[in-house]
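The values are calculated or read from the model by the stated rules, or taken from the named source; none is laboratory data. Nothing here was measured: the structure is a model prediction, and the numbers come from that model. Please note: Cβ atoms are built from the backbone with ideal geometry, for glycine as well, and neighbour counts cover all protein chains shown.
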Amino acid sequence: MINNMLKLSKRVEYALLAMQDMAQHPESIISAKDVADRYSISQSLVAKVLQQLVKDGVVRSYAGTHGGYALAQDASHISIHRVIQAIEGHTHGLVDCQDTVDHDCSAHSTCTIREPLTVLQERIRETFRSMTVAELALPKNLIQLEVS
């Protein structure tokens, strides 16, 4: 989920762009080409992430000449966390010791940052859980990020 100083992967970025596009056009069926053209991004990568979103059940696919993709449920019911999970699978901790119980760390017995970083990781996840795809679709002037 979060790698390289909290940077989301390109796959997650494209998935969020596609989800935003579908949320902004809820009555339409969009294609991977539509999304790729609109944002000048890789059509093949958009197609791959859309297929993963279908597999996870947040997006529905429609076959045929005018086929494409649409949200499987209202955008307000799909969290950013769910999209990230659909694309990345298991989420990773901010530090290696948060990923596995048996992580071998030479500073384990004297570490003073493990617990505070666990709190930080949970706050980040909660932010992703609380923000929805519907919020991504809001006009820029209506987006309000609350950080406590």
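Points worth noting:
- Pairs meeting the criteria (first residue in the range 27-44 and more than 14 Å from residue 11 (Cβ to Cβ), second residue of a type in the set (Phe, Trp, Tyr) and surrounded by 13 or more Cβ atoms within 10 Å (Cβ to Cβ), beta carbons under 6 Å, at least 6 apart or on different chains) are 30/69.
- Test: residue 121 is more than 23 Å from residue 8 (Cα to Cα) and at pLDDT 70 or above: no
- Test result for residue 85, in contact with a Leu (Cβ under 8 Å, 6 or more places away or on another chain) and modelled with pLDDT under 95: no
- With respect to the conditions (1) closer than 20 Å to residue 137 by Cα; (2) free of Cβ contacts under 8 Å to residues at least 60 places away in the same chain; (3) not basic (Lys, Arg), residue 80 lacks only one, and its number is (2).
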